[in-house]
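See below for the structure under consideration.
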Amino acid sequence: MGQIVGIDLGTTFSAVGYLDQQGPRLIPNALGDVLTPSAVGFDTDGHLLVGRAAKELQVVQPERCVSAFKRYMGTDWTIELAGRRYLPEELSSLILKSLRQDAEAHFKGVVDRAVITVPAYFNEPQRQATMRAGQLAGLTVERILNEPTAAAIAYGAADAKAEKSLVVFDLGGGTFDVSVVEQFEGTLEVRASAGEVFLGGEDFTNALVARVLESKGLVFERVEAEAPRLVSRLRQECEQAKKRLSSCAETTVRLPNAQGEFPGQAPVITITRSDFERWTTHILNRIDIPIRRALGDAKLSKDDVHDLVLVGGATRMPQVVDRLKWLFGRDPVCRLNPDETVALGAAVQAGLIDRHEQVEELVVTDVAPFTLGIEIARDLASRIRDGYFMPIINRNTTIPVSRVERVYTIHNNQTYMEIRIYQGESRRVEGNLLLGKVTVQGIPRGPAGQAVDVRFTYDLNGVLEVEAVVVETQQKVMHVITRHARGMSDAELQRAIAAMNRLKTHPREEAVNRFLLRRAERVYQELPLGEREFLDRLLSAFEEALETQNEEEIVGMRLALEEFLNRVDSSGQDDHGDQ
Ligand code: ADP
Ligand code: MG
């Protein structure tokens with residue numbers, strides 16, 4: 001058995017860690033960063049790029065790259081890259097594989113088991129897709145762990161003696177989760193989770209992009225269709241502007257031309273923090289409802305809460321902090337780096353699974369974030385009406401849990417019954433998500449009212465299993481929910497693994513050089529015409545050195561190139577702040 005790691009597979013950034021004697025630790029990637037952008041691309045000669053190199057390429061050649069695909073996990077969405085179509089779980093597996101290689105380089109040994117985190121509010125198909133992503137990357141997924149729970153573990157492990165109620169807010173790139181957690185006597189008990197899977201920092205960036213275009217009389221959708229390079233470059237400009245506005249009151253963005261370049265006289269647009277806040281209030285407002293719901297389900301008032309824990313890069317925006325202060329009447333805590341907390345917690349959980357002595361004391365319990373149930377018909381004034389939802393496991397029930405409900409045939413001599421399984425909070429099934437069906441056959445003939453017991457078992461990974469038993473005959477039907485949008489059979493999974501393994505990749509030792517080349521190509525496009533020539537010379541010399549494979553020359557040219565880039569390019573330098 002190889003080493004086990006904890007992985008935060010984020011919408012925008014991912015990270016891998018493990019537990020050692022001193023506590024949880026994150027593992028740096030080949031560029032030395034602990035955060036790897038969740039981006040995948042293919043360079044012109046068909047080699048796979050993952051992380052910062054893919055992010056750099058995305059600015060210049062958006063059609064060769066993809067990011068934020070976590071938003072489509074568990075759906076049929078695909079994207080074509082370098083002549084092949086990819087599902088979200090396949091793209092995620094490329095990120096996982098890259099993190100796995102970083103961990104293997106760190107341990108100088110095999111890493112084949114992982115705890116992978118997901119937003120608490122991820123539904124059944126999204127969790128299944130995440131597990132498949134792990135399998136595709138050659139990892140046994142030992143546990144799917146909710147991100148806010150992981151964050152609570154990171155805080156709890158650091159302060160094991162504490163007794164308090166925490167509310168964890170996780171506003172990342174694409175998702176928002178809020179969890180209410182009670183900590184006492186070495187136990188962390190998640191009392192309730194709520195959230196939205198389409199609310200995150202990316203939405204703030206997109207709003208800024210749309211407003212900047214609008215200020216020039218342009219419509220986002222039109223421009224995106226007609227000039228994708230303009231949009232991808234402007235998005236990068238706006239992403240950085242958004243981050244600057246977290247610490248400055250005013251900043252500027254440059255509007256690129258249709259080719260995504262900045263000619264000498266590129267228009268410059270000034271944006272103030274108050275503009276930005278006004279343009280995004282409608283997005284920020286959406287955090288209130290999940291907060292109220294989580295507190296309500298946990299039967300806690302805001303005055304009962306001891307600590308507000310901030311997780312996720314987007315909680316660096318002052319308007320988010322202000323909103324929470326206003327809602328709770330106190331300052332949030334943020335002792336750990338908000339974009340590393342989840343991975344640290346996943347690392348502790350990985351240690352718990354390995355029964356690491358460091359954390360023997362910590363017991364963690366979690367909840368099912370959604371209500372799960374089945375469709376039933378009701379007899380209304382002697383008319384049978386179907387389409388009603390009967391909950392079997394109510395949301396925010398502690399897991400693992402197993403519950404049974406009895407249902408009855410509605411017609412005489414009815415020998416089979418189709419049980420439709422749903423997730424959601426609506427009274428009628430149309431408002432909920434259909435997860436799958438179980439067909440029960442062989443019900444003995446007789447009058448209506450033959451009983452069938454339906455048992456729902458929800459495990460620690462948040463995966464549901466359904467069992468139906470015909471009461472009279474004790475005949476059983478088992479059904480593991482697999483009606484994800486497009487499930488993979490074992491054969492398909494093996495084929496997908498083989499296809500992922502066939503992709504051309506650069507050796508890991510070359511990652512620094514590949515990243516530098518991509519960054520230099522991007523910066524080249526951004527430079528005024530007069531300054532391009534010098535960079536072109538440096539770049540050519542570097543490429544030549546790579547060609548000749550003379551190590552000394554490569555290092556020399558690399559330093560020269562890096563120095564120049566760091567001087568002219570403010571982005572792409574620090575490990576995560578500005579990409
Ligand atoms: P995820 O877990 O979804 O990958 P992260 O927790 O890493 O996300 O957060 C990424 C999001 O945080 C991005 O949308 C990014 O723009 C945003 N972000 C990071 N730093 C800042 C900052 N200083 N100000 C505003 N937003 C930031
Ligand atoms: Mg995250």
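The values are calculated or read from the model by the stated rules, or taken from the named source; none is laboratory data. The model shown is predicted, which means the values in this text are computed figures rather than measured ones. Note that we place each Cβ from the backbone using ideal geometry, even for glycine, and neighbour counts take in every protein chain shown. Please note that ligands, DNA and RNA were not included when accessible areas were found on the heavy atoms of the full protein model with its side chains. Shrake-Rupley method; radii C 1.70, N 1.55, O 1.52, S 1.80 Å.
Maximal additional length on extending the ALA160-GLU221 stretch stands at 16.9 nm, based on 0.36 nm per residue less the C-alpha distance.
For the stretch 230-246, backbone phi angles converted through the Karplus equation (6.51, -1.76, 1.60; θ = phi - 60°) give residue-by-residue couplings of 4, 5, 5, 6, 5, 4, 5, 4, 6, 4, 5, 4, 4, 5, 4, 5, 6 Hz, Gly and Pro being listed as x. Per residue, the chain reaches -11500 deg cm²/dmol at 222 nm when only DSSP H runs of four or more residues are counted, each adding -39500 (n - 2.57). The long axis of helix 147-158 is offset from the longest Cα principal axis of the chain by roughly 80 degrees.
Please identify which residues in the stretch 138-181 have an amide N closer than 20 Å to a label point set 7 Å out from the Cα of GLN21, following the Cα→Cβ vector. Counting backbone N atoms under 20 Å from the label point, the list is 158. Between the Cα long axis of helix 124-136 and the first principal axis of the chain there is an angle of about 50°, rounded to the nearest 10. For the chain, the residue among ALA150, GLN450, VAL363 whose Cα projects farthest onto the positive side of the dipole built from Cβ charges is GLN450. Counting heavy atoms of the protein chains alone, HIS282 has an accessible area of about 110 Å² for a 1.4 Å probe. Annotation: amide H-H contacts under 5 Å for VAL471 (H modelled 1.01 Å from N, sequence separation of 5 or more, or interchain): ALA451, VAL452, ASP453. Taking a quarter of the surface of the Cα convex hull of the stretch 308-399 gives a mean projected area of 10.6 nm². Cα centroid separation, the stretch 31-58 to the stretch 240-286: 25 Å. In this simple spin-label approximation, ARG427 and THR365 carry label points 7 Å from Cα along the Cα→Cβ vector, and these lie 3.2 nm apart.
Just the number please: accessible area per residue for the stretch 502-579, 1.4 Å probe, all protein chains included, in Å².
On the way: 4500 Å² over 78 residues.
Computed with neighbouring chains in place, this is 58 Å² per residue.
Name the chymotrypsin sites (Phe, Trp or Tyr not before Pro) in the stretch 392-438 that are in a loop by DSSP and that have at most 14 other C-beta atoms within 10 Å, would you? Intermediate results must be reported in sequence, preceding the final value.
Numbers: sites: TYR408, TYR416, TYR422; in loops: TYR416.
In loop regions of the stretch 392-438 (DSSP not H, G, I, E or B), the sparsely surrounded chymotrypsin sites (Phe, Trp or Tyr not before Pro) are TYR416.
Selection among GLN494, ASN413, GLY2 by position relative to the dipole of the chain gives ASN413 as farthest towards the positive end (Cβ unit charges, Cα centre). With each label modelled as a point 7 angstrom along the Cα→C-beta vector, the VAL110-MET1 pair spans 1.3 nm.
Rounded to the nearest 20 debye, the dipole size of the stretch 201-283 about its Cα centre is 200 debye, using +1 on the Cβ of Lys and Arg and -1 on the Cβ of Asp and Glu.
The length gained on full extension between LYS504 and ASN257, counted as 0.36 nm times the residue separation minus their Cα-Cα distance, comes to 85.6 nm.
Please work out the C-alpha center-to-center distance from the stretch 293-327 to the stretch 111-136 and express it in whole Å. So the two Cα centres are separated by 26 Å. 3J(HN,Hα) along the stretch 101-109: 5, 4, 5, 5, 5, 5, 7, 6, x Hz, from the Karplus curve 6.51 cos²θ - 1.76 cosθ + 1.60 with θ = phi - 60°, whole Hz, x for Gly and Pro.
With q set to 0.22 Å⁻¹, the log10 of I(q)/I(0) for the stretch 281-334, from the Debye formula over equal scatterers at the Cα positions, is -0.91. Computed across the stretch 368-487, the Kirkwood hydrodynamic radius from all distinct Cα-Cα pairs reaches 14.8 Å. Surface composition of the stretch 368-487: carbon and sulfur atoms hold 45% of the protein heavy-atom accessible area at a 1.4 Å probe.
To the nearest 20 debye, what charge dipole does the stretch 237-393 have about its Cα centre, counting +1 at the Cβ of each Lys and Arg and -1 at the Cβ of each Asp and Glu? Don't jump to the answer; show the numbers that get you there.
Details: 20 positive and 23 negative charges, 144 e Å.
Computed charge dipole of the stretch 237-393: roughly 700 debye.
Convex hull volume of the C-alpha atoms in the stretch 502-579, normalised per residue: 113 Å³. Angle of helix 288-297 to the longest C-alpha principal axis of the chain, folded into 0 to 90 degrees and rounded to 10: 40°. First compute the accessible area of the stretch 201-283 with a 1.4 Å probe, then give the percent of it belonging to carbon and sulfur atoms. Carbon-and-sulfur percentage of accessible area, whole number: 49. Dipole of the stretch 502-579 computed with +1 at Lys/Arg Cβ and -1 at Asp/Glu Cβ about the Cα centre; of LEU517, PHE534, THR548, farthest Cα towards the positive end is LEU517. Here, the chain is characterised by an Rg to Rh ratio of 1.01, where Rg is the alpha-carbon radius of gyration and Rh the Kirkwood radius.
Accessible area per residue for the stretch 368-487 is 51 Å², calculated with a 1.4 Å probe on protein heavy atoms, without ligands, DNA or RNA.
Assign unit charges at the C-beta atoms only (+1 for Lys and Arg, -1 for Asp and Glu), then state the dipole size of the chain relative to its Cα centre in Debye, rounded to the nearest 20.
1860 debye
For the stretch 383-454, which trypsin sites (Lys or Arg not before Pro) pass both filters: DSSP loop (anything but H, G, I, E, B) and at most 15 other C-beta atoms within 10 Å? Display every interim value, and only then the final one.
Details: sites: ARG383, ARG385, ARG395, ARG403, ARG406, ARG420, ARG427, ARG428, LYS437, ARG445; in loops: ARG395, ARG427, ARG445.
Those satisfying the criteria are ARG427, ARG445.
For the stretch 94-179, state the semi-axes of the equivalent ellipsoid (square roots of 5 times the eigenvalues of the alpha-carbon gyration tensor), sorted largest first and rounded to whole angstrom.
Numbers: eigenvalues 133, 65, 23 Å².
Rounded to whole Å, the semi-axes are 26, 18, 11.
Close amide-amide hydrogen proximity is noted between LEU49 and GLY41, PHE42, ASP43, each under 5 Å apart and 5 or more residues distant or on a separate chain (H modeled in the peptide plane; Pro and chain starts excluded).
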